[in-house]
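Worksheet: the structure to be examined is printed underneath.
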Amino acid sequence: MRLQVLFIGAVSLLFSLTESTDSGLQSNLRQLLKSNMEDIPYIFSDEEHMSENELLYNGCINEKWHWDGSMMAPLVLTNFPLEYNNGWGSDKYHYITATNSKGTDEPWKFLSDLKYVDGWRYNYFKAVEKNTNDALTQIQGKFKASKKKAILFYIHGWNSEIYSAFCATYKLNKASDYLVVPVIWNTDRGLLSDADYRYDRVVTAPAAGMHLDGLYNSFFKKITTPKSWLCHSMGCFVTQNFVSDLNDDGKFENEAGKFENLFMVAPDVRYDIFNEYTPGAGKDKNECYEGQWNDPDASKRIPDCRSGGGKALSNMRKNKLFVFWNGKDEASWWREFRLKSDLTHNWPISYKGLLGYGNEGRTPSAEFKNLDFVKVSAAQLKKDGASEKEHSFHALQFMIDYYDAQLPSQDRFNGSSLSIEEQKM
């Protein structure tokens, strides 16, 4: 027991040092988002290190990897830093590296035609950057050619490698009736930072979501064909931060621009999000003080304290909101362990997450209509080759069947019916 306590204390101290040394934490979150941090480009040699565009990740894609808009994605929406190669050779291209430092002010961008390069120093992806107009045009063309029924934006979870995000996108595009567009947020910065959960929860995820809302009017709202949103794990917390300001600003007061359905899979959000305890409710419920979600003192700031997340998530969709959860989810235990083990930063709300408790932890408020909780079973997981403790079940076949079941009928919508609102220059 003593060794366990010492271990927990050491882990907490490590995270505390990781957070306190980040220079961006000297200002509040909104100021931090406006800061300008200079990117230092990595230098690579050219084609002698190309691995024939082959991407092998846990047996996901056992073939030469080419950018196929129907099987991979029409484009990628990401806040990974985009670098420009001005090193050796004549080939000038943009690229993103497989892992990056995390800059909280990094803007979102549209990339396409990615080519995987097994570099001698870093693995990276060559990429073509698209402006918003070109991104909308490209989605239109790919959607019509694909004969899919709808578009699905998919955002991954915490510490997900870019390869893993592409792997899930590949599976979803291959097996579903959606044209899947990955939303890849910069959460993976390598093995040495794989334990920075609290930092990502307090800094990286909220910043990513709050930046993403800047694309709502110029991009997401322009796509008026059926479109839905799939978030996994902490990607649901990014989504919550994406829609919170939009909801407060009344962007969802009419149907225009809304997503058809929202699929929250193993959502790493507070477990009372659909029936929030009020501030002052007490220990393990809500001890947040007013404004703590955006406190200028970074050591006290807890974005989870922001109220109204459930309403914002509910209002972003037209039809149904699904919460898929696993009562034996192994990530649920790790979440609680990490938040409890921090000896220098108090966590003023419950350690519990929706991913492991669903609607059995706290009954949702009656104000939320068309809110469906689905507790996945061990039998469903095992049938698709997963453990009963599986956390990353969002791209398994039984889940894809759930997503497809919510699609509009083929006679109403098909690949030729895409409608994108004309850009007003």
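Conditions (1) over 17 Å from W334 (Cβ atoms); (2) at pLDDT below 95; (3) among the small types (G, A, S), marked per residue:
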| site | (1), (2), (3) |
| --- | --- |
| R189 | yes, yes, no |
| R198 | no, yes, no |
| G209 | yes, no, yes |
| S228 | yes, no, yes |
| S233 | no, no, yes |
| N241 | yes, no, no |
| D248 | yes, no, no |
Looking at D329, D304, D372, which one is more than 24 Å from K171 (Cβ to Cβ) and touching a Lys or Arg at 6+ places or on another chain (Cβ under 8 Å)? D304
Of (1) at pLDDT below 95; (2) part of a loop (DSSP other than H, G, I, E, B); (3) buried (at least 20 other Cβ atoms within 10 Å of the Cβ); (4) of a type in the set (A, V, I, L, M), V203 satisfies all except one. Which? (2)
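Looking at I302, I273 in this structure, which one is among the β-branched types (V, I, T) and closer than 21 Å to E360 by Cβ? If you could, list the steps in order and put the result at the bottom.
Working: I302 fails: closer than 21 Å to E360 by Cβ.
Only one candidate passes the filter, namely I273.
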Of all residues making up region 297-315, the number that are part of a loop (DSSP other than H, G, I, E, B) and within 25 Å of the chain's Cα centre (by Cα): 8
Candidate set from region 255-283 (those that are in a loop (DSSP other than H, G, I, E, B) and among the charged types (D, E, K, R)); member that is farthest from the chain's Cα centre (by Cα): K283
Among F252, F237, the single one that is part of a helix (DSSP H, G or I), within 30 Å of K148 (Cβ to Cβ), among the hydrophobic types (A, V, I, L, M, F, W, C) and touching a residue at least 24 places away in the same chain (Cβ under 8 Å) is F237
Just a yes or no: is a residue in region 273-293 surrounded by fewer than 18 Cβ atoms within 10 Å (Cβ to Cβ) and under 19 Å from N319 (Cα atoms)? no
Looking at this structure, is T132 crowded, with 18+ Cβ neighbours inside 10 Å and in contact with a strand residue (DSSP E or B) (Cβ under 8 Å, 6 or more places away or on another chain)? no
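For region 100-121, name all the residues that are basic (K, R) and either outside any loop (DSSP other than H, G, I, E, B) or modelled with pLDDT of 70 or more (or both).
Within region 100-121, the first condition is being basic (K, R), and the residues that meet it are 102, 109, 115, 121.
K109, K115 - these are the residues of region 100-121 that are basic (K, R) and either outside any loop (DSSP other than H, G, I, E, B) or modelled with pLDDT of 70 or more (or both).
The values are calculated or read from the model by the stated rules, or taken from the named source; none is laboratory data. All figures in this text were calculated on a predicted structure; none of them were measured in a lab. For neighbour counting, all protein chains shown are included, and Cβ atoms are generated from backbone atoms with ideal geometry for every residue, glycine included.
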